[in-house]
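Reading through the structure tokens given below for one structure.
The values are calculated or read from the model by the stated rules, or taken from the named source; none is laboratory data. Just so we're clear, the structure is a prediction, and the values are computed from it rather than from any experiment. Using ideal geometry, Cβ is built from the backbone for each residue, glycine included, and neighbour counts are taken over all protein chains shown.
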Amino acid sequence: MNVWCLVPAGGAGRRMGVAEPKQFLDLGGRPVLVWTLESLAGWGRWAGLVVAAPADRVERVRGLVQGAGLGGLVSVVPGGAERRDSVRNGLEAVTARGGGPDDLVFVHDGVRPFPPVDRFDELVAAARPDGALLAVPCQDTLKRAEHGAVAATVDRSGLWRAQTPQVFPLGLLERAMEEAGRSGAAVTDEASAVEALGRRPRIVPGDGRNLKVTVPEDLEAARSLAGLARGWAVGHGFDVHRLVAGRPLVLGGVEVPHDRGLLGHSDADVLAHAVCDACLGAAGLGDLGRHFPDTDPRWAGASSLDLLRRVASLVRGRGWEVVRVDATLVAQRPKVAPYVAGMERNLSAALGLGPGGVTVKATTTEGLGFEGREEGLSAHAVALAVTPSPLSGAARPAGG
């Protein structure tokens with residue numbers, strides 16, 4: 001089973017009251033849509049993402065995708081006049097890329113720049129057979145109005161405000177959108193189209209940060225959220241892998257000559273893994289295993305530098321920039337001094353940092369412990385992250 005993501009971003013944004021569609025408005029130096037895509041891309045399980053863009057801005061969106069370094073993951077197709085048309089176009093693109101009826105498709109608004117990626121696994125688990133969606137319970141008192149006056153107070157118990165992502169089996173969502181097209185029903189979210197088939201999507205509790213930018217006040221709120229934790233944060237990472245015969249020894253993306261290599265689901269780059277965990281920790285995003293589990297065959301033999309690039313995108317999507325990493329490799333053998341400069345270059349580049357953004361030190365344990373007995377290697381890393389100003393634009397490090 002593959003998991004896809006469809007991002008409807010074809011709207012004109014008339015309620016925003018500006019000529020520029022809201023998905024292209026500036027948020028901390030980047031368009032809202034780019035924030036959304038970078039946040040989504042940080043979840044490591046996608047078979048691919050499809051953006052349904054305004055028909056007259058497809059090339060512009062493709063340029064934004066390339067500029068964000070997401071060209072290999074994200075494809076762009078023209079959207080339609082209505083949301084249901086954009087979703088149908090996107091589903092056709094998913095099918096053209098190899099999506100099958102039993103695959104899962106996330107649908108996420110292009111103007112929700114802070115999706116709670118840590119809820120995505122729960123959405124996947126809840127998505128069969130009828131789909132699932134994020135939603136938050138209504139907390140304000142609700143009134144029904146007639147002719148500008150209160151007609152009644154509505155009982156809010158059991159009422160939820162729907163968010164995205166919403167996720168469904170591809171075949172089910174295709175049937176729902178086809179039926180909506182035939183009936184001409186207004187589709188404000190995909191769950192309503194699925195409900196019209198008599199199905200009952202499950203609710204997964206959402207996140208208050210998962211804001212949809214619709215009116216000018218929302219953009220101001222998004223700018224505040226982007227700098228909510230303005231300042232700096234530190235994350236610590238630690239990893240360990242066993243040395244075994246028959247595996248290459250990859251450290252910081254450099255293959256180091258040795259008689260054994262590290263055992264692991266990916267390339268087992270213990271140094272890169274420690275850096276990943278430090279960066280995730282600084283942004284409050286958990287650990288590497290949460291985002292790239294060793295039970296997922298997608299990451300078998302994966303390059304840990306690629307995982308680090310995805311981690312950097314995930315961290316940026318939460319409003320943080322990693323600006324400095326210091327790492328220590330613990331190994332009795334081999335001697336890695338000739339390879340440290342290459343490790344630093346690789347790790348810095350994966351994080352979008354200039355020279356010196358990542359420093360690597362190496363030490364032995366004087367024969368003590370599992371490292372000293374040459375049973376395995378370990379690594380520690382500390383990452384410093386800062387939040388960019390939401391008003392003046394993100395101050396990106398050299399190479400970012």
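Tell me yes or no: at least one residue of the stretch 150-164 is among the hydrophobic types (A, V, I, L, M, F, W, C), at pLDDT 95 or above, within 29 Å of Gly319 (Cα to Cα) and in a strand (DSSP E or B).
Within the stretch 150-164, one or more residues are among the hydrophobic types (A, V, I, L, M, F, W, C), at pLDDT 95 or above, within 29 Å of Gly319 (Cα to Cα) and in a strand (DSSP E or B).
Any idea how many residues of the stretch 24-48 are closer than 18 Å to His291 by Cβ, charged (D, E, K, R) and out of contact with any Ser or Thr (no Cβ under 6 Å at 6 or more places or on another chain)?
Residues that pass the stated criteria total 1.
So which of Val136, Val117, Val124 ends up being surrounded by 14 or more Cβ atoms within 10 Å (Cβ to Cβ) and in contact with a helix residue (DSSP H, G or I) (Cβ under 7 Å, 6 or more places away or on another chain)?
Among Val136, Val117, Val124, only Val117 is surrounded by 14 or more Cβ atoms within 10 Å (Cβ to Cβ) and in contact with a helix residue (DSSP H, G or I) (Cβ under 7 Å, 6 or more places away or on another chain).
What pairs come out if I take residues in the stretch 273-286 that are without any contact (Cβ under 8 Å) to a residue 40 or more places away in the chain and pair them with residues that are buried (at least 24 other Cβ atoms within 10 Å of the Cβ) whose C-beta lies under 7 Å away, six or more apart or interchain?
Note: pairs meeting the criteria are Cys276/Gly237; Cys276/Leu288; Cys276/Leu308; Cys276/Val311.
Go through the residues of the stretch 347-358 one by one and say whether even a single one is under 22 Å from Leu285 (Cβ atoms) and either in a strand (DSSP E or B) or touching a Phe, Trp or Tyr at 6+ places or on another chain (Cβ under 7 Å) (or both).
Yes, that holds for at least one residue.
Mind telling me which of the residues Asp294, Asp259, Asp306, Asp326 ends up being under 15 Å from the mean Cα position of the chain (by Cα) and surrounded by fewer than 22 Cβ atoms within 10 Å (Cβ to Cβ)?
Asp306
Can you tell me which condition Gly28 does not meet? The list is (1) in contact with a helix residue (DSSP H, G or I) (Cβ under 6 Å, 6 or more places away or on another chain); (2) modelled with pLDDT of 95 or more; (3) over 15 Å from Thr214 (Cβ atoms), and all the others hold.
Going through (1) in contact with a helix residue (DSSP H, G or I) (Cβ under 6 Å, 6 or more places away or on another chain); (2) modelled with pLDDT of 95 or more; (3) over 15 Å from Thr214 (Cβ atoms) one by one, Gly28 breaks only (2).
Residues that are in a helix (DSSP H, G or I) and modelled with pLDDT under 95: does the stretch 93-102 have at least one?
Within the stretch 93-102 (the criterion being in a helix (DSSP H, G or I) and modelled with pLDDT under 95), the answer is no, since none of the residues qualifies.
When the residues of the stretch 143-171 are filtered to those that are touching a residue at least 24 places away in the same chain (Cβ under 8 Å) and hydrophobic (A, V, I, L, M, F, W, C), which remaining residue is nearest to Val94 (Cα to Cα)?
My answer is Leu170.
Looking only at the stretch 187-205, which residues are in contact (Cβ under 8 Å) with a residue 40 or more places away in the chain and touching a Ser or Thr at 6+ places or on another chain (Cβ under 9 Å)?
Asp189, Glu190
Test each condition in (1) under 20 Å from Ala362 (Cβ atoms); (2) surrounded by fewer than 21 Cβ atoms within 10 Å (Cβ to Cβ); (3) out of contact with any Pro (no Cβ under 8 Å at 6 or more places or on another chain) for His265 and report the one that comes out false.
Failing condition for His265: (1).
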